[in-house]
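Beneath this line is the structure, given in structure tokens, with notes to follow.
Any read-out appearing in this document is the output of simple, stated calculations on the displayed coordinates, not a laboratory observation. The shown structure was predicted, so the numbers you read here are calculated from the model rather than taken from an experiment. We place every Cβ from the backbone using ideal geometry, glycine too, and count neighbours over all the protein chains shown.
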Amino acid sequence: MQCAVIDIGSNSIRLSVYDAEKTNFKILFKEKIMAGLASYVEDGVLSPEGIECACHSLIELKERLCLLNIQNVSVFATASLRNINNTQDVLQKIYSTTGFCLEVISGKQEAFYGYTGAMLDLSLPSGIFLDIGGASTEIAFFANGTLIEAESYPIGSLRLYEDCVKNILPGKGSRERIKKRIEAELASCRISSCGASLACVGGTARAVLKLGRRRYHLPDSCNVLSIEQLKALYDDLCNGDRRAAELILKTAPERIHTLLPGMSILCFLAQKTKASQMIVSKYGVREGYLCQRIQTKL
């Protein structure tokens, strides 16, 4: 069966089209739109411009699906619509404009689906799952192949940029503000200094891996960075010279403003957990959703 999953995130809206059976799947097509919905949130409300941006993006993706003759479409939203005060108004407007009936998943569901998707790719019995999004970060602890605890925190790369950074790349003052914000938002997280691997999904992790491959001349097949490599890469990018901006622009230009804020969360958690390495999965929340919500019904 061919089906599609659309994930409306705070930074990007992503479409994945699958050829799915009961126990396996193949990705046929992927597309993303960097909508940046978190930047349209004012006083806890998604602005009319933000709603229009979401609708326009979904109509664009719907046109792609019509060309591909994909009719089985599931659409869900994460922190982009979960953490606002006018969620129901937005859902009604999107439905009347696009015909899509959205599901807004909880933070715990997002962490669970992300972990499930990551484990479809990674052979890790124990570790720490991490998904840094635009407006939220999901953290989960797992051992012996079992999810022990999962939680979502209202902090992400785009939100940090909007609240803490004055220019494109954060200077020393901005980095201090980012650090204080991360410490405050993650104060309730029961972080264990276990030295385990960080199993990462999401745009920030993928962009960091791309930069790491370029910086350390690693093959495209590599999906692992040591924490020493991660920290050295972060320090290089924080030097504030032209080379930092050029490296990001050559590797992940759409994340020129959000990459360092997102990396700050990643480095903070790597330090607190005394992790040995970060491993980036090619799958994530959409594949977890596919596995748990669609394939189980086939």
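For this structure, a couple of remarks:
- Think of the chain as a dipole: +1 on every Lys or Arg Cβ, -1 on every Asp or Glu Cβ, centred on the Cα centre; then among THR98, SER226, CYS66, SER226 lies furthest on the positive end.
- Just so you know, the Rg over Rh for region 122-280 is 0.95, from Cα atoms, with Rh as the Kirkwood radius.
- Charge tally for MET1 (other residues, Cβ to Cβ under 14 Å; Lys, Arg +1; Asp, Glu -1): +2.
- Total charge dipole magnitude, region 122-280, about the Cα centre, Cβ charges on Lys, Arg, Asp, Glu only, Debye to nearest 20: 460
- Candidate lysines - alpha carbon under 28 Å from LYS172, same-chain residues fewer than 8 apart omitted: LYS180, LYS210, LYS231, LYS250, LYS272, LYS274
- Under the convention that each Lys and Arg Cβ holds +1 and each Asp and Glu Cβ holds -1, the size of the dipole of the chain around its Cα centre is about 700 debye.
- Residues CYS200, CYS189, CYS55 in ascending order of nearby Cβ atoms (within 10 Å, fewest first): CYS189, CYS55, CYS200.
- Computed E for GLU246/LEU218 - FRET, C-beta separation, R0 25 angstrom, nearest 0.05: 0.85
- Straight-distance candidates among the aspartates and glutamates for linking to LYS32, with alpha-carbon spacing under 20 Å and chain neighbours fewer than 8 residues away dropped: ASP7, ASP19, GLU49, GLU52, GLU60, GLU63, GLU103, GLU110, ASP131, GLU254, GLU287.
- Comparing TYR289, LEU260, ALA244 along the charge dipole axis of region 233-298, the residue lying farthest to the positive side is TYR289, per the Cβ-charge model.
- C-alpha center-to-center spacing [region 173-209, region 33-62] in angstrom: 26
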